[in-house]
Amino acid sequence: MAHLLGAEALHLDFGTGVVLDKVSVGLDDGNRIGVVGNNGAGKSSLMKLLAGRLEPHGGRVTMARGVRVGVLDQSDHVDADLTVLAAIVGDADDHEWASDPRVRDIMAGLVPDIPADAVVRDLSGGQQRRVALAHVLVGDHDVVFLDEPTNHLDVEGVVWLAEHLKRRWAATKGALMVVTHDRWFLDEVSTDTWEVHDGEVEQYEGGYAAYVLQRVERDRISNATETKRQNLMRKELAWLRRGPPARTSKPKFRIDAANELIADVPPIRDKVQLARMAASRLGKDVVNLIRCGVVYGEGPDAKEVLRDVEWNIGPGERTGILGENGAGKSTLLKLITGELEPTSGRVKTGITVQVKALSQQLAELEDVAEERVSAVVKRYSSVTLSDGSDMSPKQLLERLGFTAVQLKTQVKKLSGGQRRRLQLLMVLLSAPNVLVLDEPTNDLDTDMLAAMEDLLDSWPGTLIVVSHDRYLMERVTDQQYAVLDGGLRHLPGGIDEYVRLSRERRTKTDGVGTFGGQAGTTHIPDEPGATGSRGKKGGSGNAGGSGNAGGSGSADAGGGRERSRTRSGEQASAVSQSGGAQAAGSTITPSTPALSGAERRVAEKELASAERRMGKIVQLKKAIHDQMAEHDQSDFEGLAALTAKLKELDAENSQLETEWLKLSDLLA
């Protein structure tokens, strides 16, 4: 693999503290890097340094001759005076871009609803961001840097972007570096994960699931003192291993390692206890929407947002609401919270119901902006969790990552992520029994998202979540609904079902990316005999309803090259390689020829053999470690011989892993 660019001993200090110190990293052909870390750790700064948009205060960045780089920064916008079409393809003639299936597919995936002749300045902020992303992706780049590319994309848009990035280059060509808090997206596109913390960059193999596994192993081996953080990540690993997203088929030795680490971790949520407590606090009736409709405006300008919505919300339900921007999700939430009266129909709310909403605008903090955090939380008393334990405001603050210094800080001086966490804390401390969360992941890093999800797991009550974060949806909710064409539709097939429905609907729009109703996005067909994407055929693989969130499938945490085998990954990637742009009228030849039956059987046997040997190596290494622990510590020659055996086994294991990856790609 050719080396594309690298950094040597990078040092960056903005005067308020060292951001990066002596960091040396590199990008080669075939690298797909996901970057994680706390807010303010230096993720975006690292990306800007490597992309050449920021000069380091020490060290240097080198780039191979002729390497073409594409960058999407958080602040990047296209010329506001251009039309959408000109902003994406420049001054290229229509026949030039229209004959390129890749360009058509990008338009169909990102801007199917935006007219080609619309002026950029007249678009919403989210639409402008999508145009900027499309402009970067249509370029023929060797390296692509993307900073929070999933912002302003709905669930279907995120799925499309993941599919595009996976098929953009051949497996050993091109390089991608993406900074994002979207953990599902990280697992889909990244083969390696970089964690930025304390001025350093720590590198891990695999996507987010593998990163979590390796972090847990690292903390366990080094006997880390961050017990709370370690336990939280073990719980995150337990969900990744047991929960809905079937990440991919991984070597058995990695699955066994994950199972061993989570053996004593209880189920993520005690659903029986949660339902019992919720019913005792709420009674039978929570909120019922009876043939509700909402119309904004009057006369010819009237706009019907919701129509004949029927929904009975029960005690202890955990429901996710999906829908495109402007579909009516926020309007639906306002009906539930009582902020809005329906134009038709009625809303029936139980006598004991206390609804609280976490808004996108941080409205709860406006009245306390001048106060210190400690003074704000003193107003509240302890809350009772689902296990019957009480937690004080101070304990909740610690659980959400607040330090002693931050307790003395004025609310208005907190960062965006800190204010978001304080807002959630104030809502929870007000003791609601129905909690409504509208885009709760804004401004939160991956660790804080895990902490928030852990807290919500033990919160007793009815939970309703609106979010474009697929990982959060599958993590904290047990069923999903979609707001489509003014109605509310249950999704037995979970988020994959929503993606399919959304793509079918987008083909009927008349934006720049639809090409007369023939969108270039990949169509995901229904599996015959399957009721959901995560369960077995004929099983209960829904992402909600009764049973575990996401159905009966299992998620394997860990592994080398992360590739999700969900319907949005396995089927769609196969379709996209052979005909991802066929709907737009062209054909793409797969980069790898299909195996014959005999070749596939041979590859499968070799793969199974490699897995068995790697499992055996794990046992042999454990036996050697036991021997070393019992060995006479003054016998240096004997210890050296045991150490040499360990090195031989490590080398053999590394070679087997490489072979396993090649065989897995061949069989994929």
Which of rounded, prolate or oblate describes segment 22-68 when judged by the alpha-carbon gyration tensor and an a/c cut-off of 1.5? oblate
Could you give the size of the charge dipole of segment 1-156 about its Cα centre, using +1 on the Cβ of each K and R and -1 on the Cβ of each D and E, expressed in debye and rounded to the nearest 20? 680 debye
Karplus-derived 3J(HN,Hα) from phi for segment 172-186 (6.51 cos²θ - 1.76 cosθ + 1.60, θ = phi - 60°), whole Hz, x at Gly and Pro, runs 9, 10, x, 9, 10, 10, 10, 9, 7, 9, 7, 6, 4, 5, 4
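Convex hull volume of the Cα atoms in segment 148-196, per residue, in Å³?
In segment 148-196, the Cα convex hull volume per residue is 76 Å³.
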Pairs on different chains or at least eight residues apart, Cα atoms closer than 23 Å: how many lysine pairs in segment 341-475 fit? 11
E659 label point, 7 Å along Cα→Cβ, cut-off 15 Å on backbone N: hits in segment 598-636? 602-618
From the Cα centre of segment 481-496 to that of segment 360-402, the distance in Å is 34 Å
Using a 7 Å offset from the Cα along the Cα-to-Cβ direction at both H625 and A302, what is the distance between the two label points in nm, to one decimal? 7.1 nm
Sorted by accessible area (1.4 Å probe), largest first, how do K348, K622, K48 line up? K622, K348, K48
With the Cα gyration tensor of segment 1-126 in hand, give its eigenvalues times 5 under a square root as the equivalent ellipsoid semi-axes, listed largest first in whole angstrom. 34, 19, 13
Bounding extents of segment 371-490 in its principal axis frame from Cα atoms, largest first in Å, are 47, 32, 24
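Using unit Cβ charges (K, R positive; D, E negative) and no other charged atoms, how large, in debye to the nearest 20, is the dipole of segment 32-104 about its Cα centre?
Numbers: 9 positive and 10 negative charges, 153 e Å.
Dipole magnitude for segment 32-104 comes out near 740 debye.
Assuming 0.36 nm per residue, please report the length gained on full extension of the stretch A404 to N312 beyond their Cα-Cα distance. List each step's numbers first, then the result.
Working: separation 92, 0.36 × 92 = 33.12 nm, distance 4.33 nm.
Answer, rounded to one decimal: 28.8 nm.
For the full complex of protein chains and a 1.4 angstrom probe, list R399, R168 by accessible area with the highest value first. Could you put the intermediate results ahead of the total?
Working: R399 65, R168 35 Å².
So the residues, ranked largest to smallest area, are R399, R168.
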Please list R167, R470, R68 from largest to smallest accessible area, probe radius 1.4 Å, with all protein chains kept in place. R68, R167, R470
For N39, other-chain or 5+-apart residues with amide H closer than 5 Å (H placed, Pro excluded) are D445
Beyond 15 Å, the calculated P(r) of segment 306-396 holds a percent of Cα-Cα pairs equal to 74 percent
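The values are calculated or read from the model by the stated rules, or taken from the named source; none is laboratory data. Note that the coordinates shown come from a computational prediction; the quantities given were computed from them, not determined experimentally. Positions of Cβ are backbone-derived with ideal geometry, glycine not excepted, and every protein chain shown enters the neighbour counts. Note: areas computed on protein heavy atoms with side chains; ligands, DNA, RNA excluded. Shrake-Rupley method; radii C 1.70, N 1.55, O 1.52, S 1.80 Å.
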